[in-house]
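What follows is a single structure, written as structure tokens, with notes after it.
The values are calculated or read from the model by the stated rules, or taken from the named source; none is laboratory data. Bear in mind the structure is a predicted one, so any value in this text is a computation, not a measurement. Please note: Cβ atoms are built from the backbone with ideal geometry, for glycine as well, and neighbour counts cover all protein chains shown.
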Amino acid sequence: MKTYTAKPTDIERKWYLIDATDQILGRLATKAADILRGKHKPMYTPSMDTGDYIIIINAEKVRVTGKKADTMEYQRFSGYPDGLKIESYKQMKVKKPEYIVQHAIAGMVPKTKLGKAMIKKLKVFAGPEHDHVAQKPEQITV
């Protein structure tokens, strides 16, 4: 018996729409990462990008549980001395709510060239409108 390996010509991509209203961040990110990687398909191959496109709307309405809203922080570093910038979850939710969802999902895909290709298929919007109506995305629930 031979192991099946997906070929680039076999991969068929679909578009999915997820509404993040009142969704828990971690559970939403897990579901989205699985779809981006293609783990929901029977033809999943770890070394190939077999995943689908995901549109996430209402990212500003995502929630976290416990004390994470008070303790979670986002760090970035400019590369210069004293260039560490730290922002809390509450500050980031006001400034860039899309980044919170993107950052959570990016942490769940591989940190390789393959993972970077997968993240490019993720489209996150703070509000209910999105630019991909022409792709006719299929609504899924988490």
Region 1-48, subset among the small types (Gly, Ala, Ser) and assigned to a loop (DSSP other than H, G, I, E, B), residue nearest to the chain's Cα centre (by Cα): 20
Members of region 14-44 found to be surrounded by fewer than 18 Cβ atoms within 10 Å (Cβ to Cβ) and in contact with a Phe, Trp or Tyr (Cβ under 6 Å, 6 or more places away or on another chain), listed by number: 15
Number of the condition not met by residue 142 [criteria: (1) modelled with pLDDT of 95 or more; (2) in a loop (DSSP other than H, G, I, E, B)]: (1)
Pairs where the first residue, in region 125-142, is of a type in the set (Gly, Ala, Ser) and the second is surrounded by 10 or more Cβ atoms within 10 Å (Cβ to Cβ), C-beta under 6 Å, 6+ apart: 126/59; 126/60; 126/97; 126/98
Strands (runs of 3 or more DSSP E) completely within region 49-98 that count 3 or more residues being under 18 Å from the mean Cα position of the chain (by Cα): 53-57
Residue 74 of a type outside the set (D, E, K, R), modelled with pLDDT under 95 and surrounded by fewer than 19 Cβ atoms within 10 Å (Cβ to Cβ): no
Pair list, Cβ under 7 Å, 6 or more apart: region 99-122 residue closer than 18 Å to residue 50 by Cα, other residue at pLDDT below 95 and assigned to a helix (DSSP H, G or I): none
In region 99-115, residue surrounded by the most Cβ atoms within 10 Å (Cβ to Cβ) [restricted to those that are in a helix (DSSP H, G or I) and β-branched (Val, Ile, Thr)]: 101
Qualifying residue in region 77-86 (condition: in contact (Cβ under 8 Å) with a residue 12 or more places away in the chain and surrounded by 14 or more Cβ atoms within 10 Å (Cβ to Cβ)): no
Filtered residues of region 116-135 (kept if farther than 18 Å from residue 97 by Cβ and not in a loop (DSSP other than H, G, I, E, B)): 116, 117, 118, 133, 134, 135
Test for residue 86: is it in contact with a strand residue (DSSP E or B) (Cβ under 6 Å, 6 or more places away or on another chain), within 30 Å of residue 7 (Cα to Cα) and among the aliphatic types (A, V, I, L, M): no
